[in-house]
Amino acid sequence: MAAAAALLCLPAAAAVVVWSLVRNPLQLALGLALIVVAVVAAWSALLHRGVARLPPAIAAVVALAATAALPETRVLAVLAAVTGLAVLSTAAARVAIARDLAPATTARAVGPARRGVLLMNPRSGGGKAERFELEKKARALGVTPIVLRRGDDLRQLAEQAVADGADVLGMAGGDGSQALVADVARRHGIAFLCVPAGTRNHFALDLGLDREDVAAGLAAFGDAVERRIDLALLGDRVFVNNVSLGVYATVVQSDAYRDAKLTTTTQLLPELLGPDARGFDLRLTRPDGSAARSPDVVLVSNGTYHLHSLAGFGTRSRLDAGLLGVVTLTVERARDVTALLSAEAAGNLRRFRGYREWTVREFEIGSGQPLLDVGVDGEALRLPPPLRFRSLPSALRVRTPAGAAGAAVAPHAGPVEAVRALWRVLCGRPARRRA
């Protein structure tokens, strides 16, 4: 019912404009365009958080004001009707897809940390820890900051912090560092919090944190929301996001990839998948028992990603399903490279004929090679096969600020995705997370 109301409010608002401007066709066209802009911008503002809400909110207000200011309109009546319909549409949209935006976890309110410790990597994210004055702000909150220096062992520092009585362990750094400190917190059964001070901060995104407001994550040392999420293991190494092998592992290790993902991917794919490519010896078994024929890309993730492009991951719909996501990509013919490049450029990777995905609790990859190139949460490694993966369900107690949305999709859901999600609700299908 809420989805229907959200969608019907748009033509209803347009009808108000038609009724008020029917005597002037030119103003009618302009009024219709303005009301569409107003409602779509209002939806976009509702589905964003923090400062990101400001531009679409301003656009919505300006569009409404411009509509009401048209000469042939009954200014006050039209403004009231259109504003009311816009507010009703956005509120109904939020109600309709709230279940799909919210994480399917049981969260509980918790009080401030008794002895919080924040570990910081000052080199991560181009020096975000220093730029956002995390050390100073942590001290102001009564949190003990520990700055990682060259030659320091991050795990040892985290273990020592726990030994000294820390009851909440935070990490300000990239996803590799987040995984290491999260593992220490898991082993000792204490709470963990993430401060997005790395470069990409995919883990922070899926926790519902604002990656642009780095220091805001410190608020989780105070009154916060705590929930349990999954971690994943590669051998005895914990990862929070994903492990990549094959072409993807090679692409993301390129120095140019960080600044030009799509361009770098497009340039390297023909070289890695062309007729002269030596291929990748990766041996794995699908859930139906069939063997994969040396896939060119393998991605194993902590939870299921909605992957639309090799140029970057989307978000995970939940972090507590107790499952690993597996994606394989196989290029069998020369013309498949062109099809893959087209699917990559269009963001429709799932339509490529060699794309496969499934979920498992445990997984193994074998090979005849002595060492495999592996990317673990963005860190390049060489590991001996077989590679054994397993999920660690509800392994980590994670704290997020009480005001955080906790929904990975919220910061990036646009009006088109909102309309699609509402239509899926009307059709009785669950809304998909945007990648």
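The values are calculated or read from the model by the stated rules, or taken from the named source; none is laboratory data. All values reported here derive from a predicted model rather than from experimental measurement. FYI the Cβ positions are ideal-geometry reconstructions off the backbone, even for glycines, and counts take in every protein chain you see. With ligands, DNA and RNA removed, areas are computed over all heavy atoms of the protein, side chains included. Shrake-Rupley method; radii C 1.70, N 1.55, O 1.52, S 1.80 Å.
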Seminar exercise, completed: Per the C-alpha gyration tensor (a ≥ b ≥ c, the square roots of its eigenvalues), segment 129-183 is rounded if a/c is under 1.5, else prolate if a/b beats b/c, else oblate; here it's oblate
Exercise. Which whole-number percent is the relative contact order of segment 138-221 (Cα, under 8 Å, 6+ apart)?
Worked result: 25 percent
Seminar exercise, completed: Per the C-alpha gyration tensor (a ≥ b ≥ c, the square roots of its eigenvalues), segment 92-216 is rounded if a/c is under 1.5, else prolate if a/b beats b/c, else oblate; here it's prolate
Problem set entry | In Å², nearest 10: area of residue 212 left accessible to a 1.4 Å probe | 150 Å²
For this session: Which order do the peptides 82-90, 184-192 take when ranked by the mean count of other beta-carbon atoms within 10 Å per residue, highest first?
Result: 82-90, 184-192
For this session: Classify segment 159-239 as rounded, prolate or oblate, taking a ≥ b ≥ c as the square roots of the eigenvalues of its Cα gyration tensor: rounded when a/c is under 1.5, otherwise prolate if a/b is larger than b/c and oblate if not.
Result: oblate
